[in-house]
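**Q** I am attaching a structure below and will ask some questions about it afterwards.
The values are calculated or read from the model by the stated rules, or taken from the named source; none is laboratory data. These numbers were taken from a predicted model, which means no experiment stands behind them. Cβ sites come from the backbone with ideal geometry, for glycine too, and all protein chains shown count toward neighbours.
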Amino acid sequence: MGDEMATKMIPANDGAGNGATGTEAVDNRADAATAEERPSGAAGDVWDALRANPGSTAATLTERSGVSRATVTRALNALERDGRATRTRGEHQDGTRQPDLWHLVTDTSPSAEGAPDVSDDGALTGGVDTKPPVATDAPTTDPTGPAAVPPTGSTGGGGHAEAGLDAAAVAEARDALTKIRDAVRAALDALDGGDPAAARTATEEAYSGSGRARRLVRIVADGRPRNASGAPRSAPGEMRAKVAAHLTAHPEAAFTANEVAKAIGHSAGAVSNALDRLFALGEATLVCERPRRFTAASTRPASR
């Protein structure tokens, strides 16, 4: 009889052994998914703060993450564009718009139908959908913000390839416009959140990029300007990059503007301007005053 009582007191293992229970398995998968989705850099700090404080405002996340308000706003807008965060628009109360509330997409609790059933001993008894989530192409509509801009590289409808546009110019213009759009959104969110300093910083950022964006869009519409010989002029920064590449390719030599101009096929005046700019940026070294000779900043050739 003693043996029978001992047998009854030993709990059944049911083949589980020392493995993880169903609850632990779900938690482990959730932690692994979160680690894969977490952005890098300062955006990761915003992600961590939002994950720990769902339903927070941008001001609260600024305090909890320890990064600037403008960085928080940019990170939230990027997460929203990627479909990884959602915002609940603040309502107007007494003529004042309340701050938006933010949630990570993974914050939503599973419904009763989709949640796995866990028995008393921790084993999973319900079905668990292990299929990866299906991405949706439907953009997040921002009723108060500017019209959505397709991501860089997309054709956005008719497609610039069919229209015969300069693909490189389109990519540059789209990148410049996207930066302005993000800065404008950051300024609006800062105003709504009662942070005028951040709004001013974001507005200055949008304004500083407007000139470049205007030039790039003009190039897309009218084509690149041409010089007296009819050849297309270099894009902004292109000449400087060519001159720098020539200096880097010949680290043991120092060149005048005329020598570089002959080597890369551009005018001496344009090359001289590029060398002056490289020198001001610390990317070229002036090794001789008369005639002026330059070399790459990291090298110093023998005197000539």
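**Q** It is to be established whether one or more residues within region 37-51 are under 13 Å from residue 104 (Cα atoms) and surrounded by fewer than 15 Cβ atoms within 10 Å (Cβ to Cβ).
**A** Yes, region 37-51 contains at least one residue that is under 13 Å from residue 104 (Cα atoms) and surrounded by fewer than 15 Cβ atoms within 10 Å (Cβ to Cβ).
**Q** Could you list, in sequence order, the residues of region 55-88 that are farther than 17 Å from residue 187 by Cβ, in a loop (DSSP other than H, G, I, E, B) and in contact with a strand residue (DSSP E or B) (Cβ under 9 Å, 6 or more places away or on another chain)?
**A** Result: 55, 84.
**Q** Considering region 271-297 alone, what residues qualify as being within 15 Å of residue 248 (Cβ to Cβ) and among the hydroxyl-bearing types (Ser, Thr, Tyr)?
**A** The answer is 285, 295.
**Q** Output the number of residues of region 248-269 satisfying the condition of being part of a loop (DSSP other than H, G, I, E, B), in contact with a Phe, Trp or Tyr (Cβ under 9 Å, 6 or more places away or on another chain) and either of a type in the set (A, V, I, L, M) or more than 22 Å from residue 298 (Cα to Cα) (or both).
**A** Summing the residues that are part of a loop (DSSP other than H, G, I, E, B), in contact with a Phe, Trp or Tyr (Cβ under 9 Å, 6 or more places away or on another chain) and either of a type in the set (A, V, I, L, M) or more than 22 Å from residue 298 (Cα to Cα) (or both) in region 248-269 gives 1.
A quick yes/no check of all residues on (1) at pLDDT 90 or above; (2) not aliphatic (A, V, I, L, M):
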site: 168; (1), (2): no, no
site: 173; (1), (2): no, no
site: 185; (1), (2): yes, yes
site: 196; (1), (2): yes, yes
site: 210; (1), (2): no, yes
site: 214; (1), (2): no, yes
site: 228; (1), (2): no, no
site: 231; (1), (2): no, no
site: 246; (1), (2): yes, yes
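**Q** Additional query: Enumerate the pairs (first residue in region 38-58 and closer than 9 Å to residue 102 by Cβ; second residue anywhere and among the β-branched types (Val, Ile, Thr) and crowded, with 20+ Cβ neighbours inside 10 Å) with beta-carbon separation below 9 Å, excluding pairs fewer than 6 apart on the same chain, so at least 6 apart or on different chains.
**A** Final answer for the pair search is 58/72; 58/73.
**Q** For region 15-41, which residues satisfy the criterion of being at pLDDT 75 or above and over 15 Å from residue 85 (Cβ atoms)?
**A** Across region 15-41, the qualifying residues are 40, 41.
**Q** May I pose another question? Here are some residues: 300, 200, 218. Which one is at pLDDT below 90, within 28 Å of residue 178 (Cβ to Cβ) and surrounded by fewer than 16 Cβ atoms within 10 Å (Cβ to Cβ)?
**A** Within the list 300, 200, 218, the selection yields 218.
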